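Here the structure is laid out as structure tokens; the discussion comes afterwards.
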Amino acid sequence: MGIIKAICTSPDKGMRKKNIGRGQLIQEHGLCGDAHAGDWHRQVSLLAVESIDKMRALGLEVGPGDFAENLTTEGIDLVSLPLGTRLKIGGEAIGEVTQIGKECHDHCAIYYQAGDCVMPREGIFVRILLGGEIKVGDPINVYEKKCYKKVVKDVSLLEVSSEILEAVEKASREKVLTCTEARKLAEELKVSPKLIGDAADKLKIKIRVCELGCF
């Protein structure tokens with residue numbers, strides 16, 4: 001079991017977030033009042049305080065929210081969770097892991113200060129399947145652990161290839177790809193849905209999450 005160490009929001013993207021102590025997770029939207037909430041697959045971001053401690057060891061004065069994560073956690077190995085894992089957050093809310101790590105197109109100030117940043121490697125993203133109120137100190141439990149059976153490659157060893165980029169761009173319509181289309185594409189290419197998400201990010205294509213939660 002892990003716990004919530006901080007609940008952080010910001011009014012705009014691309015900036016550090018502020019710990020608000022408590023908040024409301026909204027189904028199929030994210031953390032109320034946060035700029036990253038919305039109709040997509042990265043509604044809420046999580047980063048472990050243990051990861052932040054690694055940056056502190058490099059001499060940086062950083063804390064919860066400085067890496068633009070929504071939930072700072074303690075006591076749970078986030079990056080070991082397979083895609084599709086469901087987390088019970090607080091007393092009611094349930095989130096599903098949709099992406100592990102991300103590519104930073106524009107390096108943040110922390111990267112330039114330390115030459116490194118943990119969020120792209122050790123942060124994870126979830127979509128909110130069931131909403132609920134949360135507060136600092138609430139537990140985070142693995143509600144259901146699963147992985148996609150048709151993933152046949154180790155995504156940690158892969159980068160987004162030109163083949164995947166071309167396939168995602170071809171499948172999208174007006175810079176939008178539904179989650180059903182994204183999942184089908186992942187199965188056809190025999191890669192993780194994360195790589196489809198990364199390719200969509202590169203191409204600035206929005207993945208629209210559907211009610212069935214297929215991506």
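Here's the yes/no breakdown for (1) among the acidic types (Asp, Glu); (2) modelled with pLDDT of 90 or more:
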residue: 27; (1), (2): no, yes
residue: 31; (1), (2): no, yes
residue: 50; (1), (2): yes, yes
residue: 72; (1), (2): no, yes
residue: 77; (1), (2): yes, yes
residue: 108; (1), (2): no, no
residue: 117; (1), (2): no, no
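Specify the residue that is nearest to residue 98 (Cα to Cα); the eligible residues are those in segment 159-193 that are in contact with a strand residue (DSSP E or B) (Cβ under 7 Å, 6 or more places away or on another chain) and of a type outside the set (A, V, I, L, M). In this case the residue turns out to be 179. For residue 78, the conditions (1) surrounded by 21 or more Cβ atoms within 10 Å (Cβ to Cβ); (2) closer than 18 Å to residue 129 by Cβ; (3) touching a Phe, Trp or Tyr at 6+ places or on another chain (Cβ under 6 Å) all hold with the exception of (3). A single entry from 166, 159 fulfils the requirement of being at pLDDT 85 or above, surrounded by fewer than 13 Cβ atoms within 10 Å (Cβ to Cβ) and not aliphatic (A, V, I, L, M): 166. Among the residues of segment 44-65, those that are in a loop (DSSP other than H, G, I, E, B) and buried (at least 21 other Cβ atoms within 10 Å of the Cβ) comprise 64, 65. Taking the conditions (1) surrounded by fewer than 20 Cβ atoms within 10 Å (Cβ to Cβ); (2) modelled with pLDDT of 80 or more; (3) among the charged types (D, E, K, R) in turn, residue 181 satisfies each one other than (1). Just one of the numbered conditions (1) touching a strand residue (DSSP E or B) at 6+ places or on another chain (Cβ under 8 Å); (2) in a loop (DSSP other than H, G, I, E, B) is not true of residue 73: (2). So which residues in segment 6-27 are surrounded by 17 or more Cβ atoms within 10 Å (Cβ to Cβ), assigned to a loop (DSSP other than H, G, I, E, B) and not hydroxyl-bearing (Ser, Thr, Tyr), if there are any at all? Answer for segment 6-27, where residues must be surrounded by 17 or more Cβ atoms within 10 Å (Cβ to Cβ), assigned to a loop (DSSP other than H, G, I, E, B) and not hydroxyl-bearing (Ser, Thr, Tyr): 16, 17, 20. Only one of the numbered conditions (1) touching a Ser or Thr at 6+ places or on another chain (Cβ under 9 Å); (2) surrounded by fewer than 14 Cβ atoms within 10 Å (Cβ to Cβ); (3) modelled with pLDDT of 90 or more is violated by residue 135, and that is (1).
Contact annotation: residue pairs with Cβ atoms under 9 Å, 6 or more positions apart or on different chains, pairing a residue in segment 5-25 that is in the same structural domain as residue 120 (by TED's automatic domain parsing) and in contact (Cβ under 8 Å) with a residue 40 or more places away in the chain with a partner that is of a type in the set (Phe, Trp, Tyr) and in a loop (DSSP other than H, G, I, E, B), are 16/67; 17/67.
The values are calculated or read from the model by the stated rules, or taken from the named source; none is laboratory data. The structure displayed is predicted, hence computed values, not measured ones. Methodologically, a virtual Cβ is constructed for each residue, glycine included, from the backbone with ideal geometry; neighbour enumeration extends over all protein chains shown.
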